[in-house]
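Inspection log for the structure reproduced underneath, given as structure tokens.
The values are calculated or read from the model by the stated rules, or taken from the named source; none is laboratory data. Owing to the predicted nature of the structure, the values given are computational and were not obtained by experimental measurement. So basically every Cβ, Gly included, is an ideal-geometry build from the backbone, and we count neighbours across all protein chains shown. All accessible areas refer to the heavy atoms of the entire protein, side chains included, with ligands and DNA or RNA removed. Shrake-Rupley method; radii C 1.70, N 1.55, O 1.52, S 1.80 Å.
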Amino acid sequence: MASLSVKPGQRFTLPDWHNNSLLISADAEQQRFNSHHIRQQGRALRNETGNQAKWDEQNSRTQLKDRIITVDRWREALARCLADIDLEIDALTKVKEAAENALQAKNLCLDVAIECLTLRESRRDIDVVRDPVEEELLKEVKVIEKTKKELQQRVDDAFRQLCLLKEARQQLISDHKHKVEALELDRQCMSFNPTSGNISFKVNPTRIPYGSTALSEWEQNSRCNKENAEAEMKASVDLRGAITLTIAQTNNELDAQRIATEFALRKRMRDMEAALNELRWQEQNTLEEIAEMEEEIRQLEEDIRKRTLDLKVAHTRLETRTYRPHIELCRDQAQYGLTDEVQQLEGAIRALQQKRTESQDALDALYRQLHRIRTDIGYKTNSLQLDNKCMDTRRKLVVPVEKFDPEVDAVNRSRDLPKSSQLEL
């Protein structure tokens with residue numbers, strides 16, 4: 001008789017079977033939830049780190065650009081100061097040579113006066129008297145010796161001032177060279193990007209290099225060099241004026257008045273050129289700002305275009321979702337998110353448009369200011385040319401007796417005018 005075979009082993013109940021299935025489903029849902037949560041966190045982290053990296057890189061690039069602009073402005077200021085100090089050294093050298101020539105010319109006057117006194121010693125008997133002629137000759141000798149002493153003192157002062165000017169010039173050259181090297185390195189840093197072939201990890205890149213200085217010390221050093229050079233140039237200008245005055249004192253009162261008038265005219269020309277240099281510097285900076293503002297307006301318009309496209313996408317998504325059938329047409333989180341996105345994009349577009357309007361107004365104001373600057377430059381250039389014509393006209397007043405040629409035209413340092421229009425005394 002046949003018998004039913006029973007498989008050996010543990011037997012589970014039907015509730016156990018159902019519980020096992022439910023457990024597997026629950027575990028699967030939990031694992032999917034955990035995986036989805038991790039994916040969302042990863043996506044958020046990627047977005048956050050990506051945005052932060054872009055912002056940090058842009059911030060670093062902006063700071064590098066600002067630093068380049070600052071260093072370049074100091075480089076230009078030092079270059080202008082170097083050009084001025086070179087002209088001043090040349091001018092002081094010429095005045096020193098003129099003083100030496102004038103000192104040498106006084107020897108002839110002294111020899112003549114002494115010879116006259118010697119000849120008068122040959123007088124005989126009652127004619128050997130201390131008459132007014134002898135007194136005047138003795139006075140002449142004293143005046144000439146006093147003049148020679150003053151001129152020699154001026155020559156010594158000019159020599160010492162030339163040493164100070166050259167020392168200040170050397171400091172300016174060193175500072176200017178360092179700034180050129182720093183600009184080259186910073187511009188090289190600006191050119192680096194993730195696809196550059198010469199980027200790599202460095203050992204302890206955040207260390208503070210030996211010999212580093214604070215920003216205030218850096219700026220103070222450049223300012224001190226520039227102010228020291230300007231102070232020495234001012235002292236040189238004053239010294240040249242004093243030397244010119246000392247030489248002019250050997251002439252009559254009319255010549256003294258002529259020199260004082262021309263000195264005032266030269267000072268006016270220096271002030272005029274300084275104003276012109278300032279206006280040209282303002283013109284260059286305004287042109288740079290105009291270029292940057294135009295680029296900013298272009299970027300704003302590009303962002304407005306991008307945000308408009310994003311708004312079109314959000315509108316299209318909202319409109320498309322209105323065609324969901326029946327119960328599916330519900331106000332879910334996606335609907336709220338799209339609505340918020342539309343509101344955010346509309347607000348962003350309004351803000352961008354407002355900023356574009358403000359930027360355009362600022363650009364118009366810059367163009368108006370540029371017109372004012374260029375008009376004022378035209379006025380001052382015309383005035384400087386007229387002053388140079390006045391200096392050319394005053395060459396008729398030159399006294400050829402002393403053959404005095406101190407080349408005081410170097411005082412005005414009109415580098416932008418033709419050389420033929422500069423003056424020589």
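Applying the set (1) farther than 26 Å from D72 by Cα; (2) open to solvent by less than 70 Å² (accessible area, probe 1.4 Å) to G197 leaves exactly one unmet item: (2).
Checking every residue in region 45-65 against the condition of being at pLDDT 80 or above, closer than 30 Å to K234 by Cβ, under 46 Å from the mean Cα position of the chain (by Cα) and among the polar types (S, T, N, Q) gives zero matches. Any chance region 49-64 includes a residue that's over 30 Å from W281 (Cβ atoms), of a type in the set (V, I, T) and assigned to a helix (DSSP H, G or I)? The answer is yes; a qualifying residue exists.
For region 291-330, which residues satisfy the criterion of being hydrophobic (A, V, I, L, M, F, W, C) and at pLDDT below 85?
Passing the criteria: L318, I327, L329, C330.
Quick check, is T339 at pLDDT 90 or above and either within 30 Å of L78 (Cβ to Cβ) or surrounded by 12 or more Cβ atoms within 10 Å (Cβ to Cβ) (or both)? Spell out how you get there, then give the answer.
Numbers: at pLDDT 90 or above: no; either within 30 Å of L78 (Cβ to Cβ) or surrounded by 12 or more Cβ atoms within 10 Å (Cβ to Cβ) (or both): yes.
No, not satisfied.
Of all residues in region 317-331, those satisfying the criterion of being open to solvent by 80 Å² or more (accessible area, probe 1.4 Å), out of contact with any helix residue (DSSP H, G or I) (no Cβ under 6 Å at 6 or more places or on another chain) and in a helix (DSSP H, G or I) are E319, T320, H326, I327, E328.
When you go through E184, E136, E140, E145 one by one, which is the residue that is modelled with pLDDT of 90 or more and on the phi < 0 side of the Ramachandran plot? Spell out how you get there, then give the answer.
Values: E136 fails: modelled with pLDDT of 90 or more; E140 fails: modelled with pLDDT of 90 or more; E145 fails: modelled with pLDDT of 90 or more.
So the residue among E184, E136, E140, E145 that is modelled with pLDDT of 90 or more and on the phi < 0 side of the Ramachandran plot is E184.
When you look at Q30, is it more than 30 Å from K177 (Cα to Cα), modelled with pLDDT of 85 or more and surrounded by 10 or more Cβ atoms within 10 Å (Cβ to Cβ), yes or no? Answer is yes for this residue.
Go through region 289-312 residue by residue and tally those that are acidic (D, E) and open to solvent by 70 Å² or more (accessible area, probe 1.4 Å). Even if it seems obvious, please write down each step before you answer.
At the first step, the residues of region 289-312 found to be acidic (D, E) are 289, 292, 294-296, 301-303, 310.
Applying the additional criterion that residues be open to solvent by 70 Å² or more (accessible area, probe 1.4 Å) yields 289, 292, 294-296, 301.
Number satisfying all stated conditions: 6.
Looking across region 76-93, the residues that are over 15 Å from E227 (Cα atoms) and open to solvent by 30 Å² or more (accessible area, probe 1.4 Å) come down to D86, L87, D90, T93. Checked against the criteria, R270 counts as basic (K, R), part of a helix (DSSP H, G or I) and open to solvent by less than 60 Å² (accessible area, probe 1.4 Å).
Rundown of residues vs (1) within 30 Å of D238 (Cα to Cα); (2) under 60 Å from the mean Cα position of the chain (by Cα), yes/no style:
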{"site": "P15", "(1), (2)": "no, no"}
{"site": "R32", "(1), (2)": "no, no"}
{"site": "S35", "(1), (2)": "no, yes"}
{"site": "E76", "(1), (2)": "yes, yes"}
{"site": "D90", "(1), (2)": "yes, yes"}
{"site": "V95", "(1), (2)": "yes, yes"}
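Between R73, R43, R39, the distinction of being out of contact with any Cys (no Cβ under 8 Å at 6 or more places or on another chain), part of a helix (DSSP H, G or I) and surrounded by 12 or more Cβ atoms within 10 Å (Cβ to Cβ) belongs to R73 only.
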